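Chemist: Starting off with a structure, shown below.
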Amino acid sequence: WSIDQRPDFWQAIVAFFDVQFRSPPTVTLIEDIEMPSAQWFPGATLNFAEHLLRRRDDHPAVVAVSEDGQREQLSYAQLAEHVAGLQKSLRAAGVGIGDRVAACMPNTWQTLVGMLATTSLGAIWSCSSPDFGTQGVIDRFGQIEPKVLITCAGYRYAGKRIDQSAKLNE
């Protein structure tokens, strides 16, 4: 059915996951001779972060386990609260639809908050690992000209604390 009735299948997926478009699609699918030319939900817009943050209860949303085994858990309500705080700061910095926010951050729940706060404003998120060299970060982010750069003072890797201060100053 998912192959023979593609538009019906994808409309059922939208209904099942309660996808709430800001602007509804004109149709579900416009197909062409080849798959890469297909247009899915043309005309539709939605906010990715809005969908991920719809829940605001005490159920676990994120469970993070650091390299040293420390476990942190955020509920949906806590995650939304962190995102709202950073969203407010990004908005105050002038970040809006189409702007770019870059981050040089490790894989942590704080980085997830950065991505959600950025995309909730309609801005574009780009992230690199903090172990990139200074020139690698400049090359990567120089192409997108971010309005804001989010980074960390340090992180843990292979049991060692890595200080980012010199790289940040550079």
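Chemist: Using +1 at the Cβ of each Lys and Arg and -1 at the Cβ of each Asp and Glu in segment 31-170, identify which of Leu79, Ile138, Cys127 lies farthest towards the dipole's positive end.
Modeler: The listed residue farthest towards the positive side: Leu79.
Chemist: Moving to a separate point now. Cα axis of helix 109-120 to longest principal axis of the chain: angle in degrees, 0 to 90, nearest 10?
Modeler: Here the helix axis deviates by roughly 50 degrees.
Chemist: Rg (Å, one decimal) plus Dmax (Å, integer) for the alpha carbons of the chain?
Modeler: 19.5, 58
Chemist: Taking the chain as a Gaussian network, Cα atoms linked when under 10 Å apart, which of Arg71, Arg140, Arg54 shows the biggest mean-square fluctuation?
Modeler: Arg71
Chemist: Quick one: which residues, 5+ away or cross-chain, put their amide H under 5 Å from the amide H of Leu29? H built at 1.01 Å from N.
Modeler: HN-HN under 5 Å from Leu29: Phe41.
Chemist: Would you work out which of Phe9, Ser66, Gly43 lies farthest towards the positive end of the dipole of the chain? Charges go on Cβ: Lys and Arg +1, Asp and Glu -1.
Modeler: Ser66
Chemist: Compute the distance from the alpha-carbon center of segment 76-105 to that of segment 117-169, in whole Å.
Modeler: What the calculation gives is 15 Å, centre to centre.
Chemist: Something else about it: Add -39500 (n - 2.57) for each DSSP H run of 4 or more in the chain, then divide by its residues: what number comes out at 222 nm, to the nearest 500 deg cm²/dmol?
Modeler: Computed mean residue ellipticity for the chain: -10000 deg cm²/dmol.
Chemist: Starting from the Cα of Lys167, draw a straight line to each of the aspartates and glutamates and keep only those under 14 Å, dropping any in the same chain fewer than 8 residues away.
Modeler: Asp131
Chemist: Using the 10 angstrom Cβ neighbour count as an exposure proxy, how do Trp40, Trp125 rank, fewest first?
Modeler: Listed from fewest to most nearby Cβ atoms, that is Trp40, Trp125.
The numbers here are math on the coordinates, done by the rules we state, and not lab data. Computed from a prediction, not measured in an experiment: that's the story for all the values here. Positions of Cβ are backbone-derived with ideal geometry, glycine not excepted, and every protein chain shown enters the neighbour counts.
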